[in-house]
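Worksheet: the structure to be examined is printed underneath.
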Amino acid sequence: MLLSSVEQKRLQLSKSTAATKKSLLGQFFTPENTAAFMAGLFQDGTGICRLLDAGAGIGSLSAAFLERWRTGGFHFSRVELDAFEMDGALVGHLAQTLDAYDQRNDFVGNIYDEDFVLAAVESLSGSFWAKPLNSYTHAILNPPYKKINSNSAHRLALRRVGIETVNLYSVQRVS
Ligand SMILES: C[S@@+](CC[C@H](N)C(=O)[O-])C[C@H]1O[C@@H](n2cnc3c(N)ncnc32)[C@H](O)[C@@H]1O
């Protein structure tokens, strides 16, 4: 079977990334078949799709979504994707993944090389200087399976906006 370039990259990175980094950032990327299955779970829609990928990695889940769209499985007139990935080393791979869907004027992929939790907290804080997050019609959430320590920067930041939780999964669900 011919593997897509995203799948080849995933296999290559899963061999070459140090175990400590994988575990620290939860860098376990979704295999192509699973990503296609997950993209198939979204309901079809029309109009503009504003899609969030809150921890995009190399873009496997976004690519599956966009592939479904490009092959007629979604009927959006346009897709605007905000992809957050805090590991700068992955951003070039992510950009390559998204570039493959950029040949027409109906797709915009914005990459944010930053921490999604901190960006969301800033946006929710109501501070005058806060950079507001966009609102989204669809969200891809596959954060690290990690506890948030009681005195960590994430825990303290979340407390500022009234969110008290112990793992990243529940953070993404409420923020
Ligand atoms: C479990 S992987 C999922 C990657 C991709 N969505 C997939 O399914 O293949 C989680 C990704 O989120 C990134 N990440 C972890 N914490 C993050 C945060 N607070 N903000 C943005 N990205 C984060 C990691 O570097 C990693 O690439």
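The values are calculated or read from the model by the stated rules, or taken from the named source; none is laboratory data. These numbers were taken from a predicted model, which means no experiment stands behind them. No Cβ is skipped: glycine too gets one built from the backbone with ideal geometry, and neighbour counts run over all protein chains shown. Ligands, DNA and RNA are excluded from the accessible area calculation, which covers all protein heavy atoms including side chains. Shrake-Rupley method; radii C 1.70, N 1.55, O 1.52, S 1.80 Å.
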Ile111 accessible area, 1.4 Å probe, all protein chains in place, Å² to nearest 10: 60 Å²
Report, for the chain, the % of DSSP beta bridges that are antiparallel, rounded to 5. 5 percent
Counting only helical runs of four or more DSSP H residues, what would the 222 nm mean residue ellipticity of the chain come to if each run contributes -39,500 (n - 2.57) and the total is spread over all its residues? -12500 deg cm²/dmol
Would you mind checking Lys21/Lys147; Lys9/Lys147; Lys9/Lys131; Lys22/Lys131; Lys15/Lys147 for any pair whose Cα atoms are more than 23 angstrom apart? Lys9/Lys147; Lys9/Lys131; Lys22/Lys131; Lys15/Lys147
If amide H atoms are modeled at 1.01 Å from N in the peptide plane, then the residues at a separation of 5 or more from Gly109, or on another chain, having amide H under 5 Å from its own are Leu81
Can you give me the Kirkwood hydrodynamic radius for the chain, using every pair of distinct Cα atoms, in Å to one decimal? 17.0 Å
Solvent-accessible area per residue for the chain at a 1.4 Å probe radius, Å²? 56 Å²
Read phi for every residue in the range 127-137 and hand back ³J(HN,Hα) as whole Hz from Karplus 6.51 cos²θ - 1.76 cosθ + 1.60, θ = phi - 60°, with x for Gly and Pro. 4, 4, 8, 5, 8, x, 6, 5, 9, 10, 9
Between Ile48 and residues 5 or more places away or on another chain, which pairs have amide H atoms under 5 Å apart, with H built 1.01 Å from N, and which residues are they? Ser77
Mind ranking 85-96, 154-165 by how tightly packed they are, going by the mean number of other C-beta atoms within 10 angstrom, highest first? 85-96, 154-165
Pop out the carbon and sulfur fraction of the accessible area of the chain as a percent, whole number, probe 1.4 Å. 55 percent
From the phi of every residue in the range 46-53, what ³J(HN,Hα) in whole Hz does the Karplus formula 6.51 cos²θ - 1.76 cosθ + 1.60 yield, where θ is phi - 60° and glycine or proline is x? 10, x, 8, 9, 9, 9, 10, 10
Can you work out the base-10 log of I(q)/I(0) for the range 79-175 at q = 0.22 1/Å, using the Debye formula on its C-alpha atoms alone? -1.24
Any aspartates and glutamates with Cα under 13 Å of the Lys146 Cα? List them, leaving off those in the same chain fewer than 8 positions away. none
